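The values are calculated or read from the model by the stated rules, or taken from the named source; none is laboratory data. In this text the structure is predicted, and so the values were computed from the model without any measurement. In this analysis, Cβ positions are derived from the backbone assuming ideal geometry, glycine residues included, and neighbour counts consider all displayed protein chains. With ligands, DNA and RNA removed, areas are computed over all heavy atoms of the protein, side chains included. Shrake-Rupley method; radii C 1.70, N 1.55, O 1.52, S 1.80 Å.
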Amino acid sequence: LYAADATVPLMINVKPDPNRRHGFNFSVGISAGYRMNTHSKQISDEHGKVKNHDDFDLDPWMFAYVAEIGLGPIRIYGSYSINPLFEDAKQYPYTVGLRFSNW
């Protein structure tokens, strides 16, 4: 399953020591997005490669809480969806990852 989204985050960043470039910082906020495209791809000997373009009952709008904690250029990022992934099932996706930035 392939899903392409356009997402815009709105976050507030707090740096306890703004004079230090690589000090501790954290950010919290929300993100909003819209699903642009979804499809699945199946490959078989009988039919070859077949792409199925459908919405797969995915909710087109996405809203999530987002946060990150950083020390220098390394940050731990996380998000938790406010609305369910599918229109008829109560599944709330989340994301956790590392981000590298010199800003």
Please work out which residue is nearest to Ile69 (Cα to Cα), limiting yourself to segment 7-30 and to residues that are open to solvent by less than 50 Å² (accessible area, probe 1.4 Å) and out of contact with any Lys or Arg (no Cβ under 8 Å at 6 or more places or on another chain). Ser27
Restricting to segment 31-80, and then to whatever is among the hydroxyl-bearing types (Ser, Thr, Tyr) and surrounded by 10 or more Cβ atoms within 10 Å (Cβ to Cβ), can you tell me which residue is farthest from the chain's Cα centre (by Cα)? Ser40
Quick one: what pairs do we get from segment 85-103, first residue at pLDDT 90 or above, second exposed (fewer than 10 other Cβ atoms within 10 Å of the Cβ) and in a loop (DSSP other than H, G, I, E, B), C-beta under 7 Å, 6+ apart or different chains? none
Answer yes or no as to whether Asp45 is in contact with a strand residue (DSSP E or B) (Cβ under 9 Å, 6 or more places away or on another chain) and charged (D, E, K, R). no
Of all residues being of a type in the set (A, V, I, L, M) and under 15 Å from Val28 (Cα atoms) in segment 81-103, which is least open to solvent (accessible area, probe 1.4 Å)? Just the residue, please. Ile82
